[in-house]
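Let me begin by presenting the structure, written as structure tokens, before commenting on it.
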Amino acid sequence: MGFGVLAATIALSISSASADEIDDILNVEGVIEGKGMTEAVDLSTPVSAVMQHSESVEKVNKGGRPDARLREMERALTAARLEINELKEYCAALEARHRRELHFAHYNMGCVYKASRKYERAESEFLKALETQPDDPAVHFNLGILYDDDLGNKKAARKHYERFLELAPGDPDAIDVREWLDALNK
């Protein structure tokens, strides 16, 4: 298989690949054929290095004349790398969106369980929300109240009240939280 066909095959494969298939496509090795000699080329090698290697093979094969197939491969590899970068950015954006949605789902379930007086389940959901977004002042606020009023864990309540004040010192609830902290310290 020549470079042009291989590059076109790889470019087409990448353009229709799912995010999980991209790594498999990148691990494929291309084959350069020339005068009875076959050499493998790693696709993770920078295009410039591939081209330098290819140019030396060209000189052997063509007496130093440029080969259109190699230029075609360079264009295909460049296009494939651009598409891979776009897919990586898209996947990163999807992951960030998923984490936000997961965070709000756990937070909301914590609120539902607290309202239903299922305090251990509320605690579990609020803690899961903190795993996805540790600096959410609303979660720390609600955990502080849950520990203080419902679970009787004053040490944990103090920790979350203090963290809430670190994250949102100007929040309208900060005045109440400072009073609750003072009461815990007595």
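When the test is whether a residue is farther than 30 Å from Phe141 by Cβ and in contact (Cβ under 8 Å) with a residue 24 or more places away in the chain, Glu74 passes it.
Within the range 132-160, residues that are without any contact (Cβ under 8 Å) to a residue 12 or more places away in the chain sit with their Cβ atoms under 7 Å from residues that are open to solvent by less than 60 Å² (accessible area, probe 1.4 Å), at 6+ positions apart or across chains, in these pairs: Asn153/Tyr147. Restrict the check to the range 123-144 and report whether at least one residue is in a helix (DSSP H, G or I), closer than 25 Å to Leu102 by Cβ and aromatic (Phe, Trp, Tyr). Scanning the range 123-144, I find at least one residue that is in a helix (DSSP H, G or I), closer than 25 Å to Leu102 by Cβ and aromatic (Phe, Trp, Tyr), so the answer is yes. Taking Arg81 as the residue in question, decide whether it is closer than 16 Å to Lys128 by Cα, in a helix (DSSP H, G or I), at pLDDT 95 or above and open to solvent by 50 Å² or more (accessible area, probe 1.4 Å). No.
The values are calculated or read from the model by the stated rules, or taken from the named source; none is laboratory data. Keep in mind the model is a prediction, meaning the values are calculated, not measured. Because the Cβ atoms are built from the backbone with ideal geometry, glycine has one as well, and the counts that use them run over all protein chains shown. Areas reflect the complete protein model, heavy atoms only, side chains present, ligands, DNA and RNA absent. Shrake-Rupley method; radii C 1.70, N 1.55, O 1.52, S 1.80 Å.
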